[in-house]
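Sharing a structure with you now.
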Amino acid sequence: MSFADLGLSPELLKAVNDAGYDTPTPIQAQAIPPVLMMRDIIGIAQTGTGKTASFVLPMIDILAQGRSRARMPRSLILEPTRELAAQVAENFEKYGANHKLSMALLIGGVSMGDQIKALEKGVDVLIATPGRLMDLFGRGNILLTGCSLLVIDEADRMLDMGFIPDIEEICTKLPKQRQTLLFSATMPAPIKKLADRFLDNPKRIEVARPASTNINITQWLVPVKSADKRERLRRLLAQPEVTNAIVFCNRKTTVRELNKVLKQGGFKSGEIHGDMEQPQRLAELELFKRGDVTILVASDVAARGLDIKGVSTVFNYDAPWHPDDYVHRIGRTGRAGATGTAYTFAAPDDAENIENIEKLTGQKIPRLAEDTKPAAEPQADVPAERPRRGRRPERVESPAPVQDAVAERPAAPPQRDARQEPARAPEHAPRRERQDDRYAERNDQRRDRYRRDERDDGPDDGWNGPIPEFLKVALVIQP
């Protein structure tokens, strides 16, 4: 099957061909025709399957007819993060090259005044994060009564970040007679309830089992002591097959410290996390895409949806607290039919996290012993770490189940910083109860942190540097 078989216009087919694509992915082949027929859609697809184009392409043809009015966007795309919203804007710019469509991008970290001016001119496509959209709607700068097409992207991510109440309120402001497209990697109960309430007889499209991992990704679990993580990471990064990599950490402080260490070791590394201003994040991503930076140390702000081509390897420097994050983290590699490798470091305290990841994905992650994959010789300009006096060489162990590899705990565990991790439940409590309580508290903290990050837009004039082309708040695409 080719894109020409999906019913797209000749102008759109030319733009797709110019972008270098000739064969649609499964989600695109199944979603584009019913979207063009104005059906509501529930699309369940893991990251890297091409779902963005599955709604961007038919939207361009649908919006080709008609005209926009001031403060009344004709279509609305909701994204959970600023980076995802900017990425969708890039797709509209690329595929809409032969159409005259106007677009506005409403995200935090960018001047609200410029965004309001763009809305006053009228836009065909409004791409927004819920926080900024609700802010401008409350100020009376946006009317949603003329919006006939709504896209809710990364719905499960919206749930994690606590945006579902905002999504529900936004849906009530739109016309009841509209087309709604909902995309999600998983379908938990709150998302199903949202779909039942706001979608009309939707066509369900599922191209992968929920929470499954990409079969093109080779996964390895690396049992390692916390003190040995940096050295093991350096040795794995030195492998010739690691051409570029994203290294995920659970905490922003770890991101900053690890990036500093890698730079001191001679690696071309950068960082991205929630404390950075939006222009800084985009600048780091652009350096990584161009190859000026080959190792990007990131928090989960970059885990979902970012389409960065050619990422060879993903490292979970910290095992993710929530199993869903594992699926989305490693999905940064092995995209669009390519292959990739994912390493997850498992420290002694990560046994329960790994167990829940394997339960969610339904597969056992192979264990990587010390001698399974020999490290390449260190680069000449990278000084080798000097071993500490009296330190024993790391013992080589054969692959073993994670319970055996990481279950052994120190007799006197170090004191924990209350700001970093919640205290453990008493040992006499049932294991499942302790686990559920800990994850519930962590998820609440993460959701609050995401909401603060998304709503903290910062001063309108806080950054005076150049804005990347794809981030300009108003774009008029000329043929």
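If you stretched the chain out fully between residue 239 and residue 19, how much longer would it get, using 0.36 nm times the residue separation minus the C-alpha to C-alpha distance?
On the way: separation 220, 0.36 × 220 = 79.20 nm, distance 3.21 nm.
The span from residue 239 to residue 19 would gain 76.0 nm if fully extended.
Next up: Find the relative contact order for region 109-176 and round it to a whole percent, using C-alpha pairs within less than 8 Å whose residues are 6+ positions apart. Don't skip to the answer; put the middle values down first.
Values: 23 pairs, mean separation 26.3, N = 68.
Averaging sequence separation for qualifying contacts and normalising by length gives 39 percent for region 109-176.
Just list whichever of 192/359; 229/309; 121/268; 51/225; 193/225 have alpha carbons separated by over 32 Å in the model shown. Walk me through the numbers on the way to the answer.
Values: 192/359 22 Å; 229/309 27 Å; 121/268 43 Å; 51/225 38 Å; 193/225 43 Å.
Cα-Cα > 32 Å for 121/268; 51/225; 193/225; rest within.
On to the next question. Between residue 172 and residue 363, how many nm apart are label points set 7 Å from Cα along the C-beta direction?
Result: 4.3 nm between the two label points.
In whole percent, and with a 1.4 Å probe on the protein chains, what portion of the accessible area of region 69-112 is carbon and sulfur?
Accessible surface attributable to carbon and sulfur in region 69-112 totals 44 percent.
Also: Can you tell me what percent of all Cα-Cα pairs in region 145-258 are more than 17 Å apart? Show your work: numbers first, answer last.
Details: 4422 of 6441 pairs.
Percentage above 17 Å: 69.
Over region 225-373, with every protein chain in place, what whole percent of the accessible area is carbon and sulfur at 1.4 Å, could you tell me?
On the way: 2490 of 5150 Å².
Here carbon and sulfur together make up 48 percent of the probe-accessible area.
Using amide H atoms built in the peptide plane, which far-off residues or other-chain residues are under 5 Å from residue 106 H to H?
Close amide H contacts, sequence-distant or interchain: 127, 128, 129.
Could you tell me the distance between the Cα centroids of region 176-200 and region 54-132, to the nearest Å?
The distance from the Cα centre of region 176-200 to that of region 54-132 comes to 21 Å.
Moving on to the next point. Mind checking the full-extension length gain between residue 201 and residue 339? Use 0.36 nm per residue of separation minus the Cα-Cα distance, one decimal, nm. Numbers along the way, then the final one.
On the way: separation 138, 0.36 × 138 = 49.68 nm, distance 3.67 nm.
Extending this stretch completely gives an extra 46.0 nm.
Now a separate question. Can you work out the Karplus-derived ³J(HN,Hα) for every residue in region 161-171? Use 6.51 cos²θ - 1.76 cosθ + 1.60 with θ = phi - 60°, whole Hz, and x for glycine or proline.
So the Karplus estimates, Gly and Pro as x, are 8, x, 8, 4, x, 5, 4, 4, 5, 4, 4 Hz.
Moving on. Efficiency by 1/(1 + (r/R0)^6): what FRET value for residue 189 and residue 264, r their Cβ-Cβ distance, R0 = 51 Å, to the nearest 0.05? Present the calculation step by step, with values, prior to reporting the outcome.
Working: r = 47 Å, r/R0 = 0.92.
That pair, residue 189 with residue 264, gives E of 0.60.
Can you give the accessible area of residue 103, probe radius 1.4 Å, in Å² rounded to 10?
Here the residue's solvent-accessible area equals roughly 10 Å².
According to the square roots a ≥ b ≥ c of the eigenvalues of the Cα gyration tensor, what is the shape class of region 233-290, taking rounded for a/c under 1.5, prolate for a/b larger than b/c otherwise, and oblate for the remainder?
Since a/c reaches 1.5 but b/c is at least a/b, the shape of region 233-290 is classed as oblate.
Give me, ordered by chain and number, the residues 5 or more places off residue 346 or on other chains with an amide H under 5 Å from its own placed amide H.
The list, which skips near neighbours in sequence, is 222, 224.
Starting from the amide H of residue 218, placed 1.01 Å from N in the peptide plane, find each other amide H under 5 Å away whose residue is 5 or more places distant or on another chain.
340, 341, 342
Here is a follow-up. Place a point 7 Å from Cα of residue 38 in the direction of its Cβ. Which residues in region 179-202 have their backbone N less than 20 Å from it?
Residues 179-182, 198-202 fall inside that zone.
While we're here: What Kirkwood radius, in Å to one decimal, follows from the Cα pairs of region 85-197? Numbers along the way, then the final one.
Numbers: mean 1/r = 0.0664 Å⁻¹.
One decimal place: 15.1 Å for the Kirkwood radius.
The values are calculated or read from the model by the stated rules, or taken from the named source; none is laboratory data. Given the structure is predicted, the values throughout are model-derived calculations rather than measurements. With ideal geometry, Cβ positions are generated from the backbone for all residues, glycine too; neighbour counts draw on all protein chains shown. Remember, those area values only see protein heavy atoms, side chains included, never the ligands or the DNA or RNA. Shrake-Rupley method; radii C 1.70, N 1.55, O 1.52, S 1.80 Å.
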